[in-house]
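What follows is a single structure, written as structure tokens, with notes after it.
The values are calculated or read from the model by the stated rules, or taken from the named source; none is laboratory data. Source: prediction; values computed, not measured. Every residue, glycine among them, receives a Cβ derived from its backbone with ideal geometry; neighbour counts consider all protein chains shown.
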2 protein chains.
Amino acid sequence: MPDKYTLHYFNGTALGEPIRYLLAFGKFDWEDVRYKCDLGQDKGFLAPFGQLPFLEINGKAYAQCTAISRYLGSLVGLSGRDALENLAIDMAVDTFHDLRLRIVSWAYDFNLESKAAKKGPLMTEQIPFYMKKLEQLVKDNDGYVANGRLSWGDLLFAAPFKYLNVLVGFDLLEPYPTLKQLVQEVEAIPQIAEYLAKRPATTF
Amino acid sequence: MPDKYTLHYFNGTALGEPIRYLLAFGKFDWEDVRYKCDLGQDKGFLAPFGQLPFLEINGKAYAQCTAISRYLGSLVGLSGRDALENLAIDMAVDTFHDLRLRIVSWAYDFNLESKAAKKGPLMTEQIPFYMKKLEQLVKDNDGYVANGRLSWGDLLFAAPFKYLNVLVGFDLLEPYPTLKQLVQEVEAIPQIAEYLAKRPATTF
């Protein structure tokens, strides 16, 4: 019997979307459970570390967006060809998360004074620093985050930009044509385009 | 000719130490370059994303502690036996980083009001939540973070506790005997014990 996958996440893109892209890419038998706010008491016991997203594989729950994406990537032929190629993918992914965490650290800072102090450096230094580095990285890798061809790292990179753009209030990709093209290329992969056409409209 | 490794990091444990543990474990030919404060202009151009640690492998620079640790783990036989075992390791490692990031978000918050507001929830809720979850995880895996045997995830977990304990000001492991035993077991691995005996005395 084929494996049965159930993704548990909020009704938005963010850290659930890379997993959805990979499940769609691999044409897995999967269910897309979307929570309106919190986990809900009925499902909370399943979340291995109290957090979304988590993925049930044949009823067993696995946590962590990146770990799950790397695993699904290995199942659908989107890993590197050797350990050094996997290192290149992982390095790009972790650097993307560094950028994401800078944005998140500002966006979810509920101390207004602290939040205001972070905004200038984030917008004028940190975001341009990482986006330029990533633009150059993708240029150097023939349009992909690593190794000159498509990997799960490209799907993980492309999927959360809708969410990040909502957080910052503008299109992060606009000044970076190579990154923009990569995101468009991922969205045009037939299985992902098919998923996107059916994806529920969400605010993030 | 064997590969030549040069680790660039601050003169402390933190995110450099898992890489040092793995380089020691594998008895690689490696150099341990320790910076007193920042990168220094002479080496800054080498850091792929402007950050420490980075590892030079035969002169080529690779970034990101976790990506490098996973790579070195695969070279020294400390990966999982299959993709699902690797997922279990990655899940544990990323959950450890969630805990670390909670601590770091408080420790490096330079807004004193914001920092003071974070301290209570960190100390009474977040740290106990993650440490209890990790203690249970290691219990469930026969004393290791995954799969019932030693992996690079155990080395990555064990190495930064000196640093984390300095940040919080107490021994995080003290109430968690299973985690404490895991850290002690890693430190007693002969190659790592040999490295620790020679390790420079540092403040973190």
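A Cβ distance below 7 Å, combined with a sequence gap of six or more or placement on separate chains, defines the contacts here; from the stretch B:91-112, residues that are at the interface with chain A (Cβ under 10 Å from one of its Cβ atoms) reach residues that are β-branched (Val, Ile, Thr) and outside any helix (DSSP H, G or I) in the pairs B:Ala92/B:Val145. For A:Pro128, the stated conditions do not hold, so it cannot be described as in a helix (DSSP H, G or I), more than 20 Å from the chain's Cα centre (by Cα) and more than 10 Å from chain B (Cβ to nearest Cβ). Over 19 Å from B:Thr66 (Cα atoms), touching a Phe, Trp or Tyr at 6+ places or on another chain (Cβ under 6 Å), modelled with pLDDT of 95 or more and not basic (Lys, Arg): is that true of A:Leu87 in this structure? So A:Leu87 does not fit the description; no.
Listed here are the residues, each with its yes/no results for (1) surrounded by 19 or more Cβ atoms within 10 Å (Cβ to Cβ); (2) modelled with pLDDT of 95 or more; (3) within 26 Å of A:Ser69 (Cα to Cα).
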{"position": "B:Pro48", "(1), (2), (3)": "no, no, yes"}
{"position": "B:Ser74", "(1), (2), (3)": "no, yes, yes"}
{"position": "B:Ala83", "(1), (2), (3)": "no, yes, yes"}
{"position": "B:Val93", "(1), (2), (3)": "yes, yes, yes"}
{"position": "B:Gly120", "(1), (2), (3)": "no, yes, no"}
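Restricting attention to the stretch B:134-143 and to residues that are not in a loop (DSSP other than H, G, I, E, B) and not aliphatic (A, V, I, L, M), the residue that is surrounded by the most Cβ atoms within 10 Å (Cβ to Cβ) turns out to be B:Glu135. Evaluation of B:Phe10 against the conditions (1) away from chain A (no Cβ under 13 Å); (2) surrounded by 22 or more Cβ atoms within 10 Å (Cβ to Cβ) shows that the sole unmet condition is (2).
Take the residues in the stretch A:51-75 that are touching a Gly at 6+ places or on another chain (Cβ under 7 Å) and within 10 Å of another protein chain (Cβ to nearest Cβ); name whichever of them is nearest to A:Leu7 (Cα to Cα). Selected residue: A:Leu72.
Reported count of residues in the stretch A:144-156, each being more than 14 Å from chain B (Cβ to nearest Cβ) and crowded, with 16+ Cβ neighbours inside 10 Å, is 4.
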